[in-house]
Amino acid sequence: MPQKPVHEQGEEQQSVPQTIQENTQEVIEGAQQEVQAARAPWYLTLKRGRLLLILYTLQLALFGILAWWVHSNPVLPIDVTITREFQENQAPWLKYTMVAVSYPGYVPFISIGLVVVAGVILWLMRLRLEAIILVALSAFSSLLNGLLKIIVERPRPTGRLVDIFQAASGPSFPSGHVMAYLAFWGFLFSLCIILFKGKSWWRITLLIVSALFVVLVGPSRIYLGDHWASDVLGAYLIGGVLLGVALWLYLMLRERGVLSRKEKKPAA
């Protein structure tokens with residue numbers, strides 16, 4: 001068969017990257033349009049967000065009391081009882097489920113990678129403020145958790161009191177897994193609630209996945225013997241407060257149109 005001229009082969013080779021770039025851009029633009037179509041009116045978004053903020057701020061005082069209590073009483077009888085009740089069921093499916101839920105928090109490559117990937121996706125969807133706050137919230141949550149562990153200095157559960165399926169090092173209060181999951185999955189869940197509307201498959205999927213991780217990570221830390229129940233409760237409390245502050249900051253910046261187009265409120 002006769003070969004094509006060299007200049008035609010070069011044009012075909014050059015067109016391949018261009019075609020890929022065009023297809024990628026088309027997918028991104030289509031996703032952007034779908035996200036924009038699912039956006040809830042801003043006045044409704046603000047109303048929902050403020051309600052969440054009120055609920056989150058009520059948790060701060062409870063966390064302070066709990067932190068002082070576990071610092072003064074490192075081993076609480078109720079914690080031991082709860083852990084033993086959790087660990088009574090030794091079914092393999094339950095153990096594997098608990099390990100799977102906690103696993104991303106053990107591997108920095110996965111936990112950090114999820115935050116980076118989610119931030120990039122939000123940025124490509126023109127949700128730039130959301131991307132920045134997600135990354136900043138996750139980073140600050142990790143730093144705050146380390147500081148609180150140093151301040152409270154509570155030892156982790158020991159093998160003489162409960163079963164230890166996965167040994168972890170460092171202080172115990174509050175749970176780092178719970179705080180990290182609340183910062184990441186909790187923020188994504190909140191965005192789906194206060195920012196989007198409708199029954200899009202991606203919205204429903206993200207709501208379910210986010211909720212499962214946030215709800216199951218606490219029991220998994222207790223079941224595996226890494227934390228006491230009060231460690232988990234404290235992490236949910238302070239993690240919720242941190243999430244509430246992040247949402248308040250997000251709503252305030254969104255209302256001012258920072259890194260986004262200001263949405264007009266409907267005329268009265």
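No lab work stands behind these numbers, since they all come straight from the coordinates. Keep in mind the model is a prediction, meaning the values are calculated, not measured. Quick reminder, even Gly has a Cβ in these numbers, built from the backbone with ideal geometry, and neighbours come from all protein chains shown.
Figures for the structure shown
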| item | result |
| --- | --- |
| Taking Leu247, Leu147, Leu76, Leu206 and counting other C-beta atoms within 10 Å, the order from fewest to most | Leu147, Leu76, Leu206, Leu247 |
| Efficiency of FRET between Trp68 and Leu144 - r from beta-carbon atoms, R0 22 angstrom, step 0.05 | 0.80 |
| Under 5 Å, built H, 5+ apart or other chain: amide partners of Arg156 | Ser172 |
| Peptides ranked, highest mean first, by Cβ atoms within 10 Å: ranges 136-146, 62-72 | 136-146, 62-72 |
| When the convex hull of its Cα atoms is projected in every direction, mean area for region 29-255 (nm²) | 12.7 nm² |
| Cβ crowding within 10 Å averaged over residues, with 220-227, 92-99, 78-85 ranked highest first | 220-227, 78-85, 92-99 |
| For Phe196, residues with placed amide H under 5 Å, excluding near neighbours | Ala40 |
| Relative contact order computed over region 143-188 (Cα-Cα under 8 Å; 6+ residues apart), in percent | 44 percent |
| Residues with amide H under 5 Å from that of Gly225, placed H, sequence gap 5 or more | Phe165 |
